[in-house]
Amino acid sequence: MRIAFVDLLFSWPPPGGAQADLYYTIRGIQALGHDVHLFAPCYDFKWAFNAFDPDDLPFPATPLWFTNAAYRPAPMARAFRDAVDAWRPDLVFAGFGRYYKPHVLAALNRYPQISRYYMYEHLCIRDFSLYKAAETCPNDIFHTGPACRRCAFACWSRDLRSGKFTTYGLEFDRARAWTPRYERLFRQTVGNVRTAIVNNDLAKTRIEGFCPDVRCIPGGVDLAAYPPPAPRPDAPGRKTVILMVGRADDPLKGADVLIEAGLGLSGVRDDFEVWITSAEPLPENAWLRNAGWRDHAGIRDLYHQADIVVVPSVWDEPYGLVAVEAMAAGLPVVASRAGGLPMNVRHGETGLLFAPGDSAELALRLASLLDDPALRARMGAAGRARVEAENDWAAIIQRHYPALLEEALR
Amino acid sequence: MTPPERIVVFYSADADYAARLRAARRAFPDARITAVIPATQTLSDGERACVDHVHAAEPAAYSPVRVRRFLGFLRALRAMRADLFIVMFDSLRLGLLGAAARPRRLVCWDGEMRIIPIPRCVLLVATRAAVRVVVGHLRWLVRAARIYGPDLWHQPPLDHSRPEGKVSPRERRFLNRLDRLRRPPTPDA
């Protein structure tokens with residue numbers, strides 16, 4: 001079978017979990033014996049150069065180049081349509097994309113489609129987080145379309161009024177995502193896909209009835225990149241390293257909750273350090289270290305130096321790949337009880353859970369792990385065993401994709 | 001366009017300065033790159049390796065209120081005779097400062113990795129900022145009227161499909177095959 005993968009935000013090395021997920025999905029489906037090809041945009045108006053080099057990828061890929069002027073829904077949809085048509089696939093697998101994704105899906109509607117939704121971009125056209133006023137938003141585009149459009153419009157109003165657009169504000173404006181026409185296109189493209197793949201039950205239940213088939217397929221890790229963990233060094237005076245990785249400068253990731261918990265703990269003990277990977281400056285504290293932005297390999301190095309990983313997200317983290325990676329590295333995980341995180345972090349078994357945003361509870365959970373190295377080791381080993389059984393990419397592909405691809409073409 | 005020989009990268013807090021320096025060095029390996037930083041700031045070894053010269057300025061010199069120091073700072077920037085002057089935010093203040101330094105090209109490399117050209121004339125920078133705000137407010141008003149008002153602008157569904165005339169017979173056969181695949185399964189199947 002010939003499968004065209006289309007992703008509007010692909011980048012390699014990956015800046016986030018979505019790109020890594022698509023990369024391993026393509027590799028896995030290629031290993032099943034299918035012809036695969038990735039089509040993804042690159043931009044000549046970016047100073048960090050192209051988002052990926054096809055030569056760095058183990059599968060064929062075509063970068064579609066866009067200037068700032070052509071970075072609009074119609075030219076983008078046409079460019080994808082022409083490139084994909086020329087390759088003649090049997091099936092289109094759509095990956096990550098924001099306001100332009102419905103346009104591209106509509107342009108490719110002659111093909112059977114499978115669409116992967118990594119965040120809540122199939123429900124929320126505001127910022128795709130389905131998180132508003134410090135709680136999960138009860139609205140979504142399928143049930144409260146006009147309210148969602150108004151909410152998104154209010155969110156991007158500052159960009160509109162100032163005339164200084166962020167990338168997504170510009171996409172919102174150019175896609176005319178506040179219009180009823182966009183809402184119709186959006187619902188139509190989600191309804192048109194053969195299968196929608198989401199990360200958690202919240203993402204699944206909201207579109208049931210609007211899409212013919214919705215499935216939860218977990219993300220995975222490449223276990224080859226995570227060799228079985230070596231015993232942690234136990235040098236005298238060595239401080240226990242509590243690590244938070246990911247886009248820590250994003251408020252939804254909850255770095256401030258961890259810092260608050262660290263402040264509480266630092267009043268009673270000094271046997272720990274908190275390392276956070278933030279692209280922006282952090283408050284100065286003796287126990288707090290900014291590990292800076294790291295790429296995939298750099299993050300794996302950090303796991304080898306860490307003792308505990310914290311995922312303090314305050315929103316419903318769709319999946320929480322960081323937690324799975326940390327478990328693969330043999331580390332206990334302390335995560336908020338939000339979104340897809342409890343699916344992977346089993347309380348008392350592979351880590352500990354706490355209420356989102358509750359820094360006091362987080363401090364208690366951290367204290368219990370700081371006090372008990374044996375518990376850390378036990379949870380780390382249980383996490384590794386769980387990832388080997390559930391989250392190895394090869395196993396995920398074998399378990400979910402052969403049947404899914406068959407059914408999509410039936 | 002000839003590649004720039006002298007590049008100035010102007011430091012701003014709250015942005016990844018090192019990433020810009022690395023990108024500038026990668027893009028222009030033969031250029032002379034000057035990092036303009038406040039004297040309170042230091043560059044790491046990795047950042048220093050990307051630049052040929054570091055100009056550390058007194059933080060007070062950044063403020064136009066201290067006229068003499070500010071003019072001295074501007075003179076120093078002009079003396080650099082930059083072919084490319086890079087700022088990290090597309091703000092009025094940085095735009096004016098960059099334009100006053102009289103580079104050949106003035107650009108913003110913003111936090112979303114975009115390259116935004118900025119006019120080199122102080123008057124144009126100020127006009128651009130004002131026009132942008134006025135046009136932005138008008139644009140916002142039009143959109144707000146459309147979203148909060150009645151739906152008077154009913155538009156037909158978007159159509160990105162390929163015009164029929166451009167489909168070759170071979171492609172038509174291929175599309176017919178796809179259409180058969182796309183048909184929903186019958187209950188018996």
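Points to keep in mind about this one:
- Pairing residues of segment B:70-94 that are under 13 Å from B:V125 (Cβ atoms) with residues that are part of a helix (DSSP H, G or I), at Cβ distances under 6 Å and at least 6 apart in sequence or on separate chains, gives B:F85/B:G98; B:V87/B:L94; B:V87/B:G98; B:L92/B:A129.
- Inspection of segment A:149-156 identifies no residue that is over 28 Å from B:L141 (Cβ atoms) and open to solvent by 10 Å² or more (accessible area, probe 1.4 Å).
Per-residue answers, yes or no, for (1) more than 10 Å from chain A (Cβ to nearest Cβ); (2) at pLDDT 95 or above; (3) more than 18 Å from the chain's Cα centre (by Cα):
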site	(1), (2), (3)
B:M113	no, no, no
B:V142	no, no, yes
B:S168	yes, no, yes
B:R177	no, no, yes
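- For beta carbons closer than 7 Å, sequence separation of 6+ or different chains, a first residue in segment B:122-140 that is without any contact (Cβ under 8 Å) to a residue 24 or more places away in the chain and a second that is open to solvent by less than 60 Å² (accessible area, probe 1.4 Å) and not in a helix (DSSP H, G or I), the qualifying pairs are B:R132/A:G163; B:V133/A:G163; B:V135/A:G163; B:G136/A:G163.
- Unmet criterion (only one of (1) open to solvent by less than 60 Å² (accessible area, probe 1.4 Å); (2) in contact (Cβ under 8 Å) with a residue 60 or more places away in the chain) for A:R72: (1)
- Among the residues making up segment A:203-244, those that are β-branched (V, I, T) and either surrounded by 16 or more Cβ atoms within 10 Å (Cβ to Cβ) or over 22 Å from A:S313 (Cβ atoms) (or both) are A:I207, A:V214, A:I217, A:V221, A:T240, A:V241, A:I242.
- Residue match in segment A:313-323 (condition: under 21 Å from the mean Cα position of the chain (by Cα), at pLDDT below 95 and farther than 29 Å from A:R215 by Cβ): no
- Segment A:385-395, subset open to solvent by less than 50 Å² (accessible area, probe 1.4 Å) and touching a helix residue (DSSP H, G or I) at 6+ places or on another chain (Cβ under 7 Å), residue farthest from A:I3 (Cα to Cα): A:R386
Okay, residues lined up against (1) at pLDDT below 90; (2) out of contact with any Lys or Arg (no Cβ under 6 Å at 6 or more places or on another chain); (3) within 11 Å of another protein chain (Cβ to nearest Cβ):
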| residue | (1), (2), (3) |
| --- | --- |
| B:P3 | yes, yes, no |
| B:D16 | yes, yes, yes |
| B:L21 | no, yes, no |
| B:R32 | no, no, no |
| B:A35 | no, yes, no |
| B:Q41 | yes, yes, no |
| B:V51 | no, yes, no |
| B:S63 | yes, yes, no |
| B:R66 | yes, yes, no |
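- Considering (1) within 21 Å of the chain's Cα centre (by Cα); (2) at pLDDT 90 or above, the lone condition that A:P251 does not fulfil carries the number (2).
- Condition check for B:E47 on (1) in contact with a Leu (Cβ under 7 Å, 6 or more places away or on another chain); (2) free of Cβ contacts under 8 Å to residues at least 40 places away in the same chain; (3) more than 14 Å from chain A (Cβ to nearest Cβ): one failure, at (3).
- Filter pass, A:D90 being of a type in the set (D, E, K, R) and away from every other protein chain (no Cβ under 14 Å): no
- Looking across segment A:245-267, just one residue is open to solvent by 70 Å² or more (accessible area, probe 1.4 Å) and either outside the structural domain of A:V309 (by TED's automatic domain parsing) or among the basic types (K, R) (or both), and that is A:R247.
- Filtered residues of segment A:338-356 (kept if outside any loop (DSSP other than H, G, I, E, B) and of a type in the set (G, A, S)): A:G351
- Within segment A:335-350, the set of residues being in contact (Cβ under 8 Å) with a residue 40 or more places away in the chain and crowded, with 24+ Cβ neighbours inside 10 Å comprises A:S336, A:G339, A:G340, A:N344.
- Single match in A:A107, A:A133 (criterion: at pLDDT below 90 and either assigned by TED's automatic domain parsing to the domain that holds A:V36 or touching a Pro at 6+ places or on another chain (Cβ under 7 Å) (or both)): A:A133
- Restricting A:L352, A:L405, A:L369 to those that are within 14 Å of chain B (Cβ to nearest Cβ) and among the aliphatic types (A, V, I, L, M) reduces the list to A:L405.
The values are calculated or read from the model by the stated rules, or taken from the named source; none is laboratory data. Everything quoted here is computed from the prediction, not taken from an experiment. Note that each Cβ is placed from the backbone with ideal geometry, even for glycine, and that neighbours are counted across all protein chains shown. Heads up: the accessible areas ignore ligands, DNA and RNA and are worked out on the full protein's heavy atoms, side chains in. Shrake-Rupley method; radii C 1.70, N 1.55, O 1.52, S 1.80 Å.
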